[in-house]
Amino acid sequence: MKRNIIKTSLNTIVFALSLVMLCLTANAQTKMQNFAGTWILNEDKSDFGRLTAKSASKVKVLTVVQTTSDITVFSGDSTMKTSIQINLSGEHAVQTSSTTVNGIPNKLTSNPDIQLVNDRSFTLRITKDPMSLVTSSVKTYTLSSDGKILIMEYKNTYGETILAGKLVYDKR
């Protein structure tokens, strides 16, 4: 009789702990930090790798809109505009690039793979981006713990050439 009571008590404790851990894990996976805002490239803190600050003209300003279900990152200049919409469940992402060449508008859409690394970081992987002729692109966005700095680390492969660097943004 004592063994049954002890066994039942242990099973109840294990079940309760499992339930608590499940709830904590589920909550941690859906609670992304707030990336929303306007982000200005800090050229002094950035590492452009083999590129120059001028080559980053299309990403000098990032505008991030965030809801409970997704994050959208907007960038671009007068020659090309890009948006990346990321579903926070990690299910999908959509990148849209719009350009106008010789007065003819052009719009391309791709579906990058997304990995939610933690509540302050996510990674996007694109293979064969037709807009920029990149054979692969990996971008990791990381928000500082105080929410005032956004870092975008990138690694773009053009055939056998690799361009990699780190862009640091300050929140406006």
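The values are calculated or read from the model by the stated rules, or taken from the named source; none is laboratory data. Remember, it's a predicted structure, so these values are computed and weren't measured experimentally. Glycine also receives a Cβ, built like all others from the backbone with ideal geometry; neighbour counts cover every protein chain displayed. All accessible areas refer to the heavy atoms of the entire protein, side chains included, with ligands and DNA or RNA removed. Shrake-Rupley method; radii C 1.70, N 1.55, O 1.52, S 1.80 Å.
Just for region 124-147: of the residues that are among the charged types (D, E, K, R) and at pLDDT 85 or above, which one is surrounded by the most Cβ atoms within 10 Å (Cβ to Cβ)?
Among them, the one singled out is Lys139.
Is it the case that Val73 is farther than 16 Å from Gly37 by Cα and of a type in the set (A, V, I, L, M, F, W, C)? Explain how you work it out, then say what you get.
Values: farther than 16 Å from Gly37 by Cα: no; of a type in the set (A, V, I, L, M, F, W, C): yes.
So Val73 does not fit the description; no.
Which of the following residues is modelled with pLDDT of 90 or more and of a type outside the set (Phe, Trp, Tyr): Asp119, Asp77? Quick ask: steps written out before the conclusion?
Values: Asp77 fails: modelled with pLDDT of 90 or more.
Asp119 is the lone residue from the list that is modelled with pLDDT of 90 or more and of a type outside the set (Phe, Trp, Tyr).
Consider region 55-70. How many of its residues are open to solvent by less than 30 Å² (accessible area, probe 1.4 Å) and at pLDDT 95 or above?
2
Does at least one position in region 2-18 carry a residue that is open to solvent by 90 Å² or more (accessible area, probe 1.4 Å), modelled with pLDDT under 85, within 23 Å of the chain's Cα centre (by Cα) and polar (S, T, N, Q)?
No, the conditions are met nowhere in region 2-18.
Which of the residues spanning region 39-54 are within 19 Å of Lys81 (Cα to Cα) and either surrounded by 13 or more Cβ atoms within 10 Å (Cβ to Cβ) or at pLDDT 90 or above (or both)?
Across region 39-54, the qualifying residues are Trp39, Ile40, Leu41, Ala53.
If I ask for residues that are touching a residue at least 12 places away in the same chain (Cβ under 8 Å) and either in a strand (DSSP E or B) or under 18 Å from Lys148 (Cα atoms) (or both), which ones from region 44-64 would you list?
Of everything in region 44-64, those that are touching a residue at least 12 places away in the same chain (Cβ under 8 Å) and either in a strand (DSSP E or B) or under 18 Å from Lys148 (Cα atoms) (or both) turn out to be Lys45, Ser46, Asp47, Val59, Lys60, Val61, Leu62, Thr63, Val64.
Can you give me the number of residues within region 148-163 that are surrounded by fewer than 18 Cβ atoms within 10 Å (Cβ to Cβ) and at pLDDT below 95?
8
Taking into account only those residues within region 150-172 that are β-branched (Val, Ile, Thr) and free of Cβ contacts under 8 Å to residues at least 40 places away in the same chain, which is nearest to Asp47 (Cα to Cα)?
Across region 150-172, the extreme among qualifying residues is Ile151.
Residue pairs, Cβ under 6 Å, 6 or more apart or interchain, first in region 104-123 and open to solvent by 60 Å² or more (accessible area, probe 1.4 Å), second in a strand (DSSP E or B) and among the basic types (Lys, Arg). List them.
Asp113/Arg125
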